[in-house]
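The values are calculated or read from the model by the stated rules, or taken from the named source; none is laboratory data. Just so it is clear, the structure is predicted and the values come from calculations on it, not from any experiment. Cβ placement follows ideal geometry from the backbone for every residue including glycine, while neighbour counts extend to all protein chains displayed.
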Amino acid sequence: MLRPNRKNRPSREEKAALNRRAIIDSAAICIGKYGYNDASIAKITDGAGLAHGTFYNYFEDRQDLFEQLLPIKGLEILDYIKKHIGPAKSLIEMERFGLLAFQSYVQENPWFFRLLHEGRFASPKGHAAHMDNLFRPFVRALKRWQNKGELKGYTEEQLESLAYLMIGARDYLFIRSTDKGTVFKPLEEAQLSAYLDLLQNGILEKPPES
């Protein structure tokens, strides 16, 4: 009689991590399809392939999950984008690479926009945490480019305002990409270049005239 191979079985901790991840991933997809209000625990656990009661091993209730969900998924996107903006040799290149990387991610995961936009009201704590995760590294990046002489001589407060303006512009730039519901339409080069030209001519330090 053959004994089961226990070496390939996940440990209790590994199984718990896998179950929690399955619930998080299913919740993101479920919210993208139904919205926060109709993303029930039953739908989420069914999508994760888990029993309904398993949910409460990892989250107190649906709101507890929602408050954690956007920050988790937001950090995933930030990690994805970081891998693509490393070669950037200027702020404009960083923005181009970052926008294209974000576009690549949401083409595969179109649920993110609904998760983000409805999350402001359905999950205010989670939305605030996500914005903080996004805002702080953005300001640091602007400071680095300013130290390299690319940006105008903005004060600390002005850089923070500029970060919010650029984050907002990115978001609104993609509104046209999702105006057909869950079908994502990639940015056209004209849309991308218009935004980058605005940055080029508006916030960058102009080289001295010879």
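So here's what we get for this one:
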| read-out | value |
| --- | --- |
| Scope segment 103-121; condition touching a helix residue (DSSP H, G or I) at 6+ places or on another chain (Cβ under 6 Å) and touching a residue at least 12 places away in the same chain (Cβ under 8 Å); matching residues | Y105, V106, W111, F112, F113, R114, L115, G119 |
| Helices (runs of 4 or more DSSP H) wholly inside segment 1-102 containing at least 2 residues that are modelled with pLDDT under 95, over 27 Å from R170 (Cα atoms) and of a type in the set (G, A, S) | none |
| Positions within segment 41-93 being exposed (fewer than 15 other Cβ atoms within 10 Å of the Cβ), closer than 25 Å to A122 by Cα and in contact (Cβ under 8 Å) with a residue 40 or more places away in the chain, in sequence order | N57, Q63, L75 |
| Any pair with Cβ under 9 angstrom, 6 or more apart, that starts in segment 138-155 at a residue that is in the same structural domain as E205 (by TED's automatic domain parsing) and of a type in the set (F, W, Y) and ends at one that is surrounded by fewer than 16 Cβ atoms within 10 Å (Cβ to Cβ) and assigned to a helix (DSSP H, G or I) | F138/Y164; F138/I167; Y154/S161 |
| Test: residue in segment 143-151 that is part of a helix (DSSP H, G or I), surrounded by 11 or more Cβ atoms within 10 Å (Cβ to Cβ) and touching a Phe, Trp or Tyr at 6+ places or on another chain (Cβ under 6 Å) | no |
| Options L91, L75; residue that is more than 26 Å from N19 (Cα to Cα) and in contact with a helix residue (DSSP H, G or I) (Cβ under 7 Å, 6 or more places away or on another chain) | L91 |
